[in-house]
Amino acid sequence: MKILRWFLACLIALGFSTPLRAGNQSQPKLGIEEKLGQTIPLDAEFYDEQGHLVSLKDLVNKPTIFTFVYFRCPGICTPLLNELARIVDKTDLVLGKDYQIISISFDHRETPDMAAGKKDSYLQLTKKQVDPNGWRFLTGDSLNIHRMTDGAGFYFMPSGNDFIHAGALIVVSPEGKITRYINGIKYLPFDVKMAVYEASSGQVGPTIANVLKFCYSYNPEGHTYTLNFMRISLVVTLGLVGLFVFVFIVRPRRKQPER
């Protein structure tokens, strides 16, 4: 039984991994560190699409879905935002009334003009008639960007002229409390709707699709997420070995008659 417990512990440890550190322990974190129940830095300031300096405390007044992207990203940022536009169309919630979306560029080199271009593109992509103020695209300096990403538990790393980063929706209450993480770049409309409902009352909910941190790895060359076959193979192997131990060692011992 001790052997079986050891294999189960290995499976659990692999399945619920913490944010990775690139290289050795002295290098920065990379990925998502959940900070459920904590409050984002509402005094952080960013530039809106018109170049006006705005504070998050003036913007966050309803359930808010935060996304951290950069506008010239050649990888997962575009699929993530495309998926979010699809969710806007699929859910019966009203963007700008029931909830809002704030997409923040974590590249301090990007400008309000770039944010305005992205906003126009995604407002045109949605099939619904939506409030333009319901989806904001913000830019900022490196200090405010890092205050916000650190406060939300979103960690990224420069890679040449681009970045290595994860994809997720981070849902906060009207008071700025983090209530839900939805990891990955594909979402179910029902999950997003429930996350918004929970955020409206400040209710903290469990993470959806947490397994994506385990099954998918970021490919810095292609700037895409790919299945981590090595890790999956390791888990499958451990599972088969554990099954073998149970069937051929543990189970026969149980059937041995007492003397």
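Worth a mention:
- Any hit, region 129-146, residues being under 17 Å from the mean Cα position of the chain (by Cα), at pLDDT below 95 and in a loop (DSSP other than H, G, I, E, B): no
- Applying the criterion of being out of contact with any Asp or Glu (no Cβ under 6 Å at 6 or more places or on another chain) and of a type in the set (A, V, I, L, M) to the residues of region 45-76, the residue that is modelled with the lowest pLDDT is Ile76.
- Condition met for Asp150 (under 28 Å from His52 (Cβ atoms), acidic (Asp, Glu) and under 20 Å from the mean Cα position of the chain (by Cα)): yes
- For region 135-151, a residue qualifies if it is within 28 Å of Val94 (Cβ to Cβ) and touching an Asp or Glu at 6+ places or on another chain (Cβ under 9 Å), and the qualifying residues are Arg136, Phe137, Leu138, Thr139, Gly140.
- Among the residues here, Thr126 does not qualify as surrounded by 19 or more Cβ atoms within 10 Å (Cβ to Cβ), farther than 13 Å from Phe66 by Cβ, touching a helix residue (DSSP H, G or I) at 6+ places or on another chain (Cβ under 8 Å) and in contact (Cβ under 8 Å) with a residue 40 or more places away in the chain.
Residues checked against (1) β-branched (Val, Ile, Thr); (2) surrounded by fewer than 19 Cβ atoms within 10 Å (Cβ to Cβ); (3) in contact with a His (Cβ under 8 Å, 6 or more places away or on another chain):
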| site | (1), (2), (3) |
| --- | --- |
| Val54 | yes, yes, no |
| Phe66 | no, no, no |
| Ala85 | no, no, no |
| Val94 | yes, yes, no |
| Ser121 | no, yes, no |
| Val130 | yes, no, no |
| Asp150 | no, yes, no |
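- All positions within region 170-195 that are part of a loop (DSSP other than H, G, I, E, B) and under 14 Å from Asn61 (Cα atoms): Ser173, Pro174, Glu175, Gly176
- Region 53-93: number of residues that are in a loop (DSSP other than H, G, I, E, B) and either acidic (Asp, Glu) or free of Cβ contacts under 8 Å to residues at least 12 places away in the same chain (or both): 1
- Here Ala199 meets the list (1) surrounded by 22 or more Cβ atoms within 10 Å (Cβ to Cβ); (2) modelled with pLDDT under 95 almost entirely, failing just condition (2).
The values are calculated or read from the model by the stated rules, or taken from the named source; none is laboratory data. On a predicted model such as this, the values are computed, not experimentally measured, just so you know. FYI the Cβ positions are ideal-geometry reconstructions off the backbone, even for glycines, and counts take in every protein chain you see.
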